[in-house]
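Right, one structure below, let's go through it.
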Amino acid sequence: MAFEASRITRSAIRVSGFRDAEFDYQLLRTMGLSDYGGSTVGECLAAAAMIADGDTSSWTRTFSALASRIESAADACLERGHTLSARDHLLRASTYHRTAEYYAEADPQSLLESGRKGRQCFERAMSLGDSGVETVAVPFEGTHLPGYLVHPRDFDAGKDRTKLIVVVGGFDSSAEELYFQLGVAGGERGWHVLVFDGPGQSECMRLHPELTFRPDYEVPIAAVLDYVRSREDVGSAPLALAGVSFGGYFAARAASRDTRIRALVTNPPVVDLYRYMEAWLGSPVFLSRKDIRPQDVEGVPEDLLLPQMAWGIVAVCRRFGVPSLHRWLEELDEFRLGDALSQITCPVLAIIGEREGPEVSRQAEDLEKGVSGATTLRRFSIDDGADSHGSVGNLRLATQVVYDWLDEVFAT
């Protein structure tokens, strides 16, 4: 009897990565939010299969289309009275708009629209039912920094101890993404969690393009701490500060100057942003004698300049508020902690992933040696699935480590 091949297909999706390593990371970053309802694996993989490898425009078009489709599904659910289903769809649509926004630097209109739509979807989701999430505006230099305050579930102010963590993101993060990365898990564990966009970050730059990244990031963070200390509900709570991605540097800098911070979390620990960027982009970029402006890379063929590099030049100049690559390098030289590390006296949790590279390990060692407070270093291995930058592949594990450590620090 001849063998008959199976006529049943268990999966139509072929799980494979991109040739472009950064595309792989950005896909994993978006998929990782599925741990807390910010995406689904199937939607992300289906989108990835439609993206031309290394083509940033294809990436933006594909995730924009996915976001719009999921947003339409939310509207259909609302029309039929399915509020919770609509909320779930809107949360995912918010993430997909942010994912589309990431590579939209070459198209300012698309960049603006994707960012706005992502925030609108998130706020619509939060308005459906009792989300426990409050939109906040932190007074800062005549304007405000946008963010959200996540309130803990089933919190009883009469008997439960108030605990507060402020979370700052990095180069391209958003307060909405931070909600999925640390906000949901904190609320589940009895923490108030404030996430925000500071100078140089997504919503802040949409509202105030002039508020770009600055070396004295302790100033905007101090404004956030002033704000939470002025509130009756969390004003007297023990205060922790966490930094994700480049936010690890911003948080560490703030902790070296602000004694209100009782515990510091850095994921990863970045003490020298110049060295970090040099290791990421490569020494030739830093040593090149040819200065490049954003307008110089418009329309340059891919065989002469990779789309990722063109994107990076435009992105860093816009977010740092500088006209050219060399001016950015001069600015970046001021983003070093140096001897200020010794002024960090609170307990520190430093998280790094095995695949983040030797420079991150060196900076973790510098932090351990330099700070005055007790340091706990947690290395996530490949087997942990949290070995990528920011632990994006296993947020469940990362949040368990962060909040268990914080609970133990604040219990003493």
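Does residue 322 satisfy the condition of being assigned by TED's automatic domain parsing to the domain that holds residue 255 and touching a Phe, Trp or Tyr at 6+ places or on another chain (Cβ under 8 Å)?
Taking the combined requirement at face value, the residue does not satisfy it.
Which ones in the range 379-405 are hydroxyl-bearing (Ser, Thr, Tyr), out of contact with any strand residue (DSSP E or B) (no Cβ under 8 Å at 6 or more places or on another chain) and assigned to a helix (DSSP H, G or I)? Steps first, answer last, please.
Looking only at the range 379-405, we keep the residues that are hydroxyl-bearing (Ser, Thr, Tyr), and these are 381, 388, 391, 399, 403.
Then drop every residue that is not out of contact with any strand residue (DSSP E or B) (no Cβ under 8 Å at 6 or more places or on another chain), which leaves 381, 399, 403.
Answer for the range 379-405, where residues must be hydroxyl-bearing (Ser, Thr, Tyr), out of contact with any strand residue (DSSP E or B) (no Cβ under 8 Å at 6 or more places or on another chain) and assigned to a helix (DSSP H, G or I): 399, 403.
Among 359, 365, which is the only one that is touching a helix residue (DSSP H, G or I) at 6+ places or on another chain (Cβ under 7 Å), acidic (Asp, Glu) and part of a helix (DSSP H, G or I)? First the steps, then the outcome.
Working: 365 fails: touching a helix residue (DSSP H, G or I) at 6+ places or on another chain (Cβ under 7 Å).
The unique qualifying residue is 359.
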Would you check if there is a residue in the range 309-321 being farther than 23 Å from residue 177 by Cβ, part of a helix (DSSP H, G or I) and not β-branched (Val, Ile, Thr)? yes
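Has the range 297-313 got any residue that is modelled with pLDDT of 85 or more and either surrounded by 15 or more Cβ atoms within 10 Å (Cβ to Cβ) or aromatic (Phe, Trp, Tyr) (or both)? Walk me through it before giving the result.
Here is the first cut: in the range 297-313, the residues modelled with pLDDT of 85 or more are 313.
Now drop any that are not either surrounded by 15 or more Cβ atoms within 10 Å (Cβ to Cβ) or aromatic (Phe, Trp, Tyr) (or both), which leaves 313.
Yes.
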Residue 130 versus (1) more than 25 Å from residue 79 (Cα to Cα); (2) more than 16 Å from the chain's Cα centre (by Cα): which is the lone unmet condition? (1)
Residues located in the range 55-79, provided they are over 20 Å from residue 19 (Cα atoms) and touching a residue at least 60 places away in the same chain (Cβ under 8 Å): none
Close pairs (7 angstrom Cβ cut-off, 6 or more residues apart or separate chains): among the small types (Gly, Ala, Ser) in the range 207-235, surrounded by fewer than 16 Cβ atoms within 10 Å (Cβ to Cβ) anywhere: 223/139; 235/229
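Check 52, 48 and return the single one that is without any contact (Cβ under 8 Å) to a residue 12 or more places away in the chain and either among the small types (Gly, Ala, Ser) or in contact with a Leu (Cβ under 7 Å, 6 or more places away or on another chain) (or both). Full working, then the answer.
Details: 48 fails: without any contact (Cβ under 8 Å) to a residue 12 or more places away in the chain.
Residue meeting the stated conditions: 52.
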Working carefully through the options 178, 211, 164, find the one that is touching a strand residue (DSSP E or B) at 6+ places or on another chain (Cβ under 7 Å), farther than 18 Å from residue 37 by Cβ and in the same structural domain as residue 257 (by TED's automatic domain parsing). 164
For residues that are of a type in the set (A, V, I, L, M, F, W, C) and in contact (Cβ under 8 Å) with a residue 24 or more places away in the chain, scanning just the range 90-119, find the one that is surrounded by the fewest Cβ atoms within 10 Å (Cβ to Cβ). 112
Single residue of 345, 376 found to be of a type in the set (Ser, Thr, Tyr), part of a strand (DSSP E or B) and over 19 Å from the mean Cα position of the chain (by Cα): 376
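The values are calculated or read from the model by the stated rules, or taken from the named source; none is laboratory data. Keep in mind the model is a prediction, meaning the values are calculated, not measured. Quick reminder, even Gly has a Cβ in these numbers, built from the backbone with ideal geometry, and neighbours come from all protein chains shown.
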